[in-house]
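These notes are about the structure you will find just below.
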Amino acid sequence: QVQLVESGGGLVQPGRSLRLSCAASGSIFDFYAMGWYRQAPGKQRELVATILISGGTNYVDSVKGRFTISRDNAKNTLYLQMNSLKPEDTAVYYCNALGPGGVKWGQGTQVTVSS
């Protein structure tokens, strides 16, 4: 069973950048799609960005132009580059993967954007 572990979260000022990583304990080559979700206090978990095995990407409107999702199959790692962060980006960010074994989730990493 492949496990996913997120890292890279933290406290950052508005306008700054963070890069989240999601390291898999095994190969991510067979995952049809991988993505990042986030959940702010009192809100439902929402999809932030996805990347398909083909390399195609999709973003929620609120992060378009600021966030970039990428995957490195050689390193078995998914990334989320977050630029121009805003206070409303504050949330727990979760890594997600869909493959032959079903859906997998990481444990989440906290991102707090505050001055």
Only one of L47, L80 is modelled with pLDDT of 95 or more and closer than 13 Å to S17 by Cα; which? L80
R38 passes all but one of the listed conditions (1) in contact with a Lys or Arg (Cβ under 8 Å, 6 or more places away or on another chain); (2) at pLDDT below 95; the exception is number (2)
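Scan G55, G65, G26 and give me the residue that is at pLDDT 95 or above and small (G, A, S).
Working: G55 fails: at pLDDT 95 or above; G26 fails: at pLDDT 95 or above.
Going through G55, G65, G26 in turn, the sole match is G65.
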G9, sole failed condition from (1) in contact (Cβ under 8 Å) with a residue 60 or more places away in the chain; (2) small (G, A, S); (3) open to solvent by 60 Å² or more (accessible area, probe 1.4 Å): (3)
Among the residues of the stretch 77-109 satisfying the criterion of being in contact with a Gly (Cβ under 7 Å, 6 or more places away or on another chain) and not in a loop (DSSP other than H, G, I, E, B), which is surrounded by the most Cβ atoms within 10 Å (Cβ to Cβ)? C95
Cβ-Cβ distance below 8 Å, separation of 6 or more or different chains: which pairs start in the stretch 42-69 with a residue that is closer than 23 Å to Q107 by Cα and free of Cβ contacts under 8 Å to residues at least 24 places away in the same chain and end on one that is open to solvent by less than 90 Å² (accessible area, probe 1.4 Å) and among the basic types (K, R)? E46/R38
Selection from the stretch 19-31 of residues that are open to solvent by 30 Å² or more (accessible area, probe 1.4 Å) and either part of a strand (DSSP E or B) or over 14 Å from V2 (Cα atoms) (or both): R19, A23
Given (1) open to solvent by 30 Å² or more (accessible area, probe 1.4 Å); (2) in contact with a strand residue (DSSP E or B) (Cβ under 8 Å, 6 or more places away or on another chain); (3) over 17 Å from T112 (Cα atoms), index of the condition A74 fails: (2)
Restricted to the stretch 32-50 and to residues being assigned to a loop (DSSP other than H, G, I, E, B) and among the charged types (D, E, K, R), the residue least open to solvent (accessible area, probe 1.4 Å) is R45
Restricting to the stretch 57-71, and then to whatever is closer than 20 Å to Q44 by Cβ and part of a strand (DSSP E or B), can you tell me which residue is least open to solvent (accessible area, probe 1.4 Å)? F67
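The values are calculated or read from the model by the stated rules, or taken from the named source; none is laboratory data. Just so it is clear, the structure is predicted and the values come from calculations on it, not from any experiment. Virtual Cβ from ideal backbone geometry, glycine too; neighbours counted across all protein chains shown. Just the protein is used for accessible areas: all its heavy atoms, side chains included, with ligands, DNA and RNA removed. Shrake-Rupley method; radii C 1.70, N 1.55, O 1.52, S 1.80 Å.
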